[in-house]
Each structure stands twice: as structure tokens, then as C-alpha cells.
1. Looking only at segment 66-75, filter to residues that are open to solvent by 10 Å² or more (accessible area, probe 1.4 Å) and touching a helix residue (DSSP H, G or I) at 6+ places or on another chain (Cβ under 8 Å); which one of those is farthest from residue 374 (Cα to Cα)?
2. Please work out which one of (1) in a helix (DSSP H, G or I); (2) without any contact (Cβ under 8 Å) to a residue 40 or more places away in the chain is the condition residue 64 fails and give its number.
3. Against the condition part of a helix (DSSP H, G or I), buried (at least 16 other Cβ atoms within 10 Å of the Cβ), touching an Asp or Glu at 6+ places or on another chain (Cβ under 7 Å) and not small (Gly, Ala, Ser), how does residue 97 come out, does it pass?
4. Examine segment 148-158 for a residue that is touching a Lys or Arg at 6+ places or on another chain (Cβ under 9 Å), buried (at least 20 other Cβ atoms within 10 Å of the Cβ) and in a helix (DSSP H, G or I), and state whether such a residue exists.
5. In segment 264-285, how many are under 13 Å from residue 12 (Cα atoms) and part of a helix (DSSP H, G or I)?
6. Which of the following residues is polar (S, T, N, Q) and surrounded by fewer than 24 Cβ atoms within 10 Å (Cβ to Cβ): 273, 289?
7. Hey, does segment 279-286 have a residue that's touching a helix residue (DSSP H, G or I) at 6+ places or on another chain (Cβ under 9 Å), without any contact (Cβ under 8 Å) to a residue 12 or more places away in the chain, among the small types (Gly, Ala, Ser) and open to solvent by 20 Å² or more (accessible area, probe 1.4 Å)?
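The values are calculated or read from the model by the stated rules, or taken from the named source; none is laboratory data. Just so we're clear, the structure is a prediction, and the values are computed from it rather than from any experiment. Every residue, glycine as well, gets a Cβ built from its backbone with ideal geometry; the counts of neighbours run over all protein chains shown. These accessible areas exclude ligands, DNA and RNA; they are computed on the full protein's heavy atoms, side chains included. Shrake-Rupley method; radii C 1.70, N 1.55, O 1.52, S 1.80 Å.
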Amino acid sequence: MGSAVGLGNIWRFAYVAGESGGGTFLLLYILCIIAIGIPILMAELTIGRRAKSDVVGSFETLAPGTPWFVTGFLGVASAFIILSFYGVVAGWALHYFIQYVLGGPAISGEGGSESYFIEFHTSTYSPLFWQSIFMILTIGIVYVGVKKGIEKSNKILMPLLAILVILLAGYSLTLGGAQEALSFLFSPDWRSLRDPNVYLAALGQAFFSLSLGMGALITYGSYLSSKDKLPGAAVSVVTLDTLFAILAGLMIFPAVFAFGNAPNSGPGLVFITLPDIFNSLSLGVVFGTLFFFLLSAAAISSGVSLLEVAVAYFMRKFNWSRKKAAIIIGGIIFLIGIPSSLGYGALNHVTLIGDRDILDSMDFIASNIFLPLGGLLIALFVGVGWNKAEAIEASDFGNTWIGHTWILILRTIAPVAILIIFLSSIGLF
């Protein structure tokens, strides 16, 4: 749950939904979660628990001497790319948390929150400083170990974040933009179904939000015992993760319309809108402090799962200690992420994919290419490359119609849907 719930549910869901038409995107996102997300999440947990290894080692264990191990390398590469730009945005959250601890960011007048955010994230050194703080915290937790470092804290922080998001969503709905927000978020514009990019955005968000296709859940699955029942765990994670995203939409979009912001404001949407909400509250500084603390904690728990994917692989492959792997790999990922931070400041003239800046381009490559392809290969491995009887037995489904339906989905529906969406988005279908 800590891996799945993070910036993807709040920061990324809000800005992708805002850019992709709201209601139509939400509908497609939920369909992707049900038809593709749950089966692949189950596949990842099943692979990990049966193999008891990292993302590359799992495929080498279950299918020795075959090319399936390439799927694991794709997961490791995804973890490097995602954590590199994820650390930038998580650094923004840490910055805002500290600002609220100190009494709140210096925001005044109409458009003040937008001006403050632009001034902060386009500067050269401040975002890099907070990015480095986030990476140091993430490296430190992986350095200590996942069970000692993250499991206990998640049992407290995840419920607290859920309670706070519910409270803020309730307050946001009392603002003047509630009717427009509900219409935007829950009334699909059927004309936008003609746009293949909306389908790709929904699929990419489903994979990003659930941590699919990158090997995080294979890695975490390897730490599970035979006593843990995978179907119940998978459904719980998917249900709560999706509810988090919808609640985030109810928290953010009423304020977006109430304060005259544009829903398609891009990656900065959350950091512009939420300070406006807190400014309108009598205890806004308290709520701001709590929210950005919990958002930062959720970001760290997701960052830990990303770093753990790469660390677990390097520990096994090169016989490194956990401490050595955490420091070296975490340091490399921080360096890779520097251009994503500078892409809003010193490198703001650089575009990599179309008119996307560096961070947006890295996000697109990871979320819309690497993760769906990783998910496609994972689905095909369990559905086709692995012995059917062994896969069903390892999944806890047993020899039931549910288990056989799961395999059928992984063999046909999930791969075909991913391929059609992916090929349509790049103009080949």
C-alpha cells in the first residue's frame, strides 16, 4: 500500500486528469485498473513470492535459460527513470512542508500561490537541495532495511493521510467551485474518446499509481510468506489506491475552479491549488503542515519501493551489501534526476519529446512506454511463459474458475488492450 499510494495518487492523478479531460479520463482509468491493473498486480506478487528473488532473479529462477529475464531489466531501468524525476517532485513537497512548519509560504494576493511556486521551482539550487534531502531520506530507509525502515511507519502514516485527504475533500466541496468540479470529474465528454492519448494517459496512470511494470511488487512479493493471501491483498491495495486518487480529485478540483485556476495547469497543479485551500482556512498553517508532511511521507514510501527494486538486484548480482547498494544506486539516481529539476530553470529551453520539458519527457518515457511494456511482458510470462497449473497454485486462486479466468485475462485481454492503446498513441494503429 505504501508503494502504491504516493505522489501518483495526488500530484500525478490531479494534473493528468486535468490535462486529459476529467470525467472521460477517470472512466478509462477505472476500466484500466479493473481489466488490466488487478490481474497484473496479482501476477507480480505471484512471481515474487514464488521466486523469492529480485525482479531480474525472479525470471531467471522461474524460467532459467530463457529471455524472460529481460522483463526484469526493464523493471530496473524503469525504477531508475521514475525515481530520478519522482525525487524532484517529492523535493517540492518537502519544501512546502518545511515552509508550513515555519509559518507558511510567502503567498499574498491573487495569483500569489502560482507566483510563489513558479519562483521556487524555476530557481536553480533550492529545488536541487530539497531533491537531495528526499533522496537522502529514501536511501537511509533502504540502507536500514524495508521491514525495519518503512513497514511500521506506513501502518500509521497511510491511515493518517487517508483521514486528512477525506477532511480536505469535504472542505473543498464547500467552496464555490464544487459543482463545476463534480461535472468536470464525473461527467465524461464522449467526444474525447476519439483521442488515443486519453487512453494512453489512463493506462499510464493506472500503471504509475499501482507501481506496476517496474518490478516493485515483484520485489515486495518476494518478502511475503505463504501465509499471506495474495488475492485479498491485491484487491485491497487496488481499491484503496483508486479511492485515494478519486478523493484527491475531490480535494483539488473544487478548489481549482473556486480560485480560478486552470485544471490543465500541468505538474504544478497541486502545489498551486492546495496552498489556496490552506490560505482560506483559519487553521490553514496547521492543515498545510499536516498535509505536506503526510504527502512527503507517502512520497518517501513510494520512493523506497522504487529504490528497493534496483538495490535488491545489485545486492544479488554483484554480492553488494545493502548499505553499499543503497548509497551507490541512490547517488546515481539523484544525479540522473538533476536535469529534470533544472528543466524548469537553467534548462527550460530543452525539450525531449515533442514540446515536453525534461521532467515531463522522463515521465512520458517511464509511464507510457516502459511501464506498459513491462506490464505486457509480465502478463505474457504468467499467461503463456509459465506453467499454468504452477501459476494458479502459486497465486492462491487454486484450481477455480477465478484462477482460470485470471490466466485467460493475462493471455488475451490485458496484452491486447495494452498493445492497442500503446500502438494507437504512437500512430501505428
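1. Checked segment 66-75; the qualifying residue farthest from residue 374 (Cα to Cα) is 66.
2. For residue 64, the exception is condition (1).
3. Against the criterion (part of a helix (DSSP H, G or I), buried (at least 16 other Cβ atoms within 10 Å of the Cβ), touching an Asp or Glu at 6+ places or on another chain (Cβ under 7 Å) and not small (Gly, Ala, Ser)), residue 97 does not qualify.
4. Scanning segment 148-158, I find no residue that is touching a Lys or Arg at 6+ places or on another chain (Cβ under 9 Å), buried (at least 20 other Cβ atoms within 10 Å of the Cβ) and in a helix (DSSP H, G or I), so the answer is no.
5. Summing the residues that are under 13 Å from residue 12 (Cα atoms) and part of a helix (DSSP H, G or I) in segment 264-285 gives 6.
6. Exactly one residue qualifies, and that residue is 289.
7. no
Rundown of residues vs (1) of a type in the set (D, E, K, R); (2) at pLDDT 90 or above; (3) assigned to a helix (DSSP H, G or I), yes/no style:
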| residue | (1), (2), (3) |
| --- | --- |
| 3 | no, no, no |
| 14 | no, no, yes |
| 21 | no, no, no |
| 31 | no, yes, yes |
| 50 | yes, yes, yes |
